[in-house]
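Here is the structure we will look at, set down as structure tokens.
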Amino acid sequence: MTNHEQAERDYMLGMTYLAIAEKYNVTINTVKSWKRRYKWERAPKRDAPKKKNKGAVKKSMQARKKYASCCSGAK
């Protein structure tokens, strides 16, 4: 079994790029290139909550307030 195949198994088990790179004596960029080249993908975690993009909500609220303040009595 080649290094990239063993590294893929470690990646799927949750090892970090740095840990894999140190284990196989390669650079982190090599591990990242293996991930792209061989299309490694971890399964999504079931228990992890979904992230919400709070920045977009905040910006849209600011835009609404700005619009309401400048255009509320325009007629």
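FYI, it's all coordinate maths here, none of it is from the lab. Values in this document were obtained by computation on a predicted structure and should not be read as measured data. Virtual Cβ from ideal backbone geometry, glycine too; neighbours counted across all protein chains shown.
Here are the numbers:
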quantity	calculated
Exposure proxy order (Cβ contacts within 10 Å, fewest to most) of E8, E22, E41	E41, E22, E8
Proximal aspartates and glutamates to K39, defined as alpha-carbon separation beneath 17 angstrom and excluding residues fewer than eight positions away on the same chain	E5, E8, D10
